[in-house]
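Everything below concerns the one structure shown next.
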Amino acid sequence: MGTLVLLRHGESVWNAKGLFTGWVDVDLSATGEDEARRGGELLKDAGVTPDILHTSLLKRAIRTANLALDAADLHWLPVERSWRLNERHYGALQGKDKAQTREEYGEEQFMIWRRSYDTPPPPIADDDPYSQAADTRYAQLPSELRPRTECLKDVLDRALPYWYDAIVPDLAAGKTVLVAAHGNSLRALVKHLDGISDADIAGLNIPTGIPLMYDLDDDFHPRNPGGTYLDPEAAKAAIEAVANQGKK
Ligand code: DG2
């Protein structure tokens, strides 16, 4: 019943610096641009041709998709964008150095903030330089929907309506759907798709720039549980690197 391809954006300039990013709209690094182009080449080489693209409203995901589609010669692809695919809002941690945060608060608290399912970081103040309170792209969002922090459960709660209302209808039409998003918004989707428990999702990390393909059955359950990375060797090393972020 359609094919789903999940693509985390290429390395961002803040991924490279080891900073918590969340909804801060940072660009790709030069490495991230290369990863994005490589992601498009992997799609092309595997003969995977998306029919539609869904992205977040953040430029690292949008530019990754553009560079990948450029490499795959698919510039014309129809596109839909939604804040519901945005990265998890990292609250007051946005803009903070991951290694320093780990040192200051200890490994346990650091990992609770990064990977617990239902404990969000402290909320960000509206006058914080890294707040999105005044960002016009979210102006139509009712204030109760505009996050000031989020845990993974909050991300899943706001991503699922988009999954059912926008992505599932494309899959039901037999389309190959490309979703360009983020480490944690994709972890939320993978948790849902693979039925991963609240505890086990802590151990799942998504690498930058490597397409993860799901072949779905009529109930939108994966025929290939866990999905298939189009470059499994590179994915293994990159997953390890994400897991170790914040460790000097
Ligand atoms: C990263 C994820 O998001 O960080 O917000 O810092 O995928 O948009 O680069 P992304 C961030 P971790 O949760 O892996 O620390």
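Find the helices (runs of 4 or more DSSP H) located wholly in the range 133-248 whose residues include 3 or more that are open to solvent by less than 50 Å² (accessible area, probe 1.4 Å) and within 16 Å of the ligand (Cβ to nearest atom), and list them. Give the steps one after another, and end with the answer.
Working: elements: 152-162, 168-172, 183-194, 232-243.
Hits in the range 133-248: 152-162, 183-194, 232-243.
Can you pull out every residue in the range 64-92 that is in a helix (DSSP H, G or I), within 15 Å of the ligand (Cβ to nearest atom) and open to solvent by 10 Å² or more (accessible area, probe 1.4 Å)?
So the first thing to find is which residues in the range 64-92 are in a helix (DSSP H, G or I), and the list is 64-71, 83-85, 91-92.
Still in the list and also within 15 Å of the ligand (Cβ to nearest atom): 64-65, 83-85, 91-92.
Once the filter is applied, which keeps residues that are in a helix (DSSP H, G or I), within 15 Å of the ligand (Cβ to nearest atom) and open to solvent by 10 Å² or more (accessible area, probe 1.4 Å), the range 64-92 yields W83, R84, A92.
Return the pair list, or none, for Cβ contacts closer than 7 Å from residues in the range 203-228 that are closer than 15 Å to R187 by Cα to residues that are among the acidic types (D, E) and assigned to a loop (DSSP other than H, G, I, E, B), at least 6 apart or on different chains.
T208/E11; I210/D231
Which members of the range 106-132 meet the condition of being away from the ligand (no atom under 14 Å from the Cβ), without any contact (Cβ under 8 Å) to a residue 24 or more places away in the chain and either touching a strand residue (DSSP E or B) at 6+ places or on another chain (Cβ under 8 Å) or open to solvent by 30 Å² or more (accessible area, probe 1.4 Å) (or both)?
Hits for the range 106-132 are E108, D126, D127.
So which residues in the range 196-213 are over 26 Å from T31 (Cβ atoms) and either under 18 Å from the mean Cα position of the chain (by Cα) or not small (G, A, S) (or both)?
From the range 196-213, those over 26 Å from T31 (Cβ atoms) are 196-202; that's our starting set.
Within the range 196-213, I196, D198, D200, I201, A202 meet the criteria.
The values are calculated or read from the model by the stated rules, or taken from the named source; none is laboratory data. What you see is a predicted model, and the numbers here were worked out from it, not measured in a lab. Note: ideal-geometry Cβ built from the backbone for every residue, glycine included; neighbour counts use all protein chains shown. Heavy atoms of the whole protein, side chains included, go into the accessibility calculation; ligands, DNA and RNA do not. Shrake-Rupley method; radii C 1.70, N 1.55, O 1.52, S 1.80 Å.
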